[in-house]
Amino acid sequence: MIIVKSREEIELMRESALIVSKTLGMIASEIKEGVTTLYLDKLAEEFIRDHGAEPSFLGLYGFPNSLCMSPNAQVVHGIPNNKPLESGDVISVDCGAYKNGYHGDHAYSFEIGEVAPETKKLLQVTKESLYVGIRELRLGNRVEDVGNAIQKYTESHGYGVVRELVGHGVGQKMHEDPEMPNYGKKGRGKLFVEGMVVAIEPMINLGTRNIKQHKDGWTITTADGKPSAHFEHDVAIIDGKPEILSTFGYIYKALRIVSNEEDEFRQTPLVL
């Protein structure tokens, strides 16, 4: 059952989402060659708590950390550890924050040092596909319209679209209805309604779409060992159109990237 949010609830969710955004912006300033993911995880937990929130992932379904950190061939759900990051790595950082009864949840894939051109392109196309999908989140459309748009865009570049892992509704619970696959057929799935909030998160592989789960019960990697990319935004339907509640703006500020990619999805400009 889709849980519709009021405008007031959506604003509370925006606050939680922006705490995640600020956390990822802080991570962007710290993530580099020689740093461990466990160190970054500890920084994130402290940052989230300092902003009056709780880490959503810590203890969720038994997960042991505040960040899911998934380098290279890891798709999602990577557990932070003491292995230093190396130049050439790419890593998905997925973060959640819980405040005022609502969760925020989004992710960004970072480059460490000099990354192979084919991997840089994978990250670029995956991020572009996120916005391609968000454009389909509007009244009159259905769940698989989003997935179909993401699938067509990424498969046109020869990439593999993960099937077993999907986006989701978000609210008072981290995972709510509906599931939001990154593949599908146009016109199929649950109908979008005013006030719904979802996390759209393409998980796209450089090679095969197939994945495997490791014995730790969490880590998921590509079956062929090639890199994977992951980007995620929290998005609400307001006045029939998609409104992004999260932002990559804090990341871009830290990395000195200029971008207007989110502007079309905001009724009012975001002030960082």
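The values are calculated or read from the model by the stated rules, or taken from the named source; none is laboratory data. Everything numeric here is computed off the predicted structure, so don't read it as measured data. Cβ: placed from backbone, ideal geometry, glycine included. Neighbour counts: every protein chain shown. The area values use the complete protein model at the heavy-atom level, side chains included, leaving out ligands, DNA and RNA. Shrake-Rupley method; radii C 1.70, N 1.55, O 1.52, S 1.80 Å.
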Kindly indicate which of K99, K121 is open to solvent by 60 Å² or more (accessible area, probe 1.4 Å) and among the charged types (D, E, K, R). K121
Check whether at least one residue in segment 184-198 is of a type outside the set (V, I, T) and within 26 Å of I91 (Cβ to Cβ), and report yes or no. no
From (1) crowded, with 22+ Cβ neighbours inside 10 Å; (2) without any contact (Cβ under 8 Å) to a residue 40 or more places away in the chain, pick out the condition that doesn't hold for Y61. (1)
Failed criterion for I134 (all others in (1) over 26 Å from D89 (Cα atoms); (2) open to solvent by 10 Å² or more (accessible area, probe 1.4 Å); (3) out of contact with any Asp or Glu (no Cβ under 8 Å at 6 or more places or on another chain) hold): (2)
Checked pairs for segment 13-29, first closer than 15 Å to S56 by Cβ and modelled with pLDDT of 95 or more, second open to solvent by 10 Å² or more (accessible area, probe 1.4 Å) and hydrophobic (A, V, I, L, M, F, W, C), C-beta under 6 Å and 6 or more apart or across chains, list as T23/F47
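Identify, from the list K241, K212, K190, K253, the residue that is open to solvent by 10 Å² or more (accessible area, probe 1.4 Å), of a type outside the set (S, T, N, Q), at pLDDT 95 or above and within 18 Å of E11 (Cα to Cα).
Numbers: K212 fails: within 18 Å of E11 (Cα to Cα); K190 fails: within 18 Å of E11 (Cα to Cα); K253 fails: within 18 Å of E11 (Cα to Cα).
The conditions single out K241.
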Residue list for segment 245-265, filter: within 24 Å of K121 (Cα to Cα) and not in a helix (DSSP H, G or I): S246, T247, F248, R256, I257, V258, S259, N260, E261, E262
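Which residues, taken from segment 222-243, are more than 15 Å from S109 (Cβ to Cβ) and hydroxyl-bearing (S, T, Y)?
Going residue by residue through segment 222-243, those that are more than 15 Å from S109 (Cβ to Cβ) are 223-225, 234-243.
None; the set is empty.
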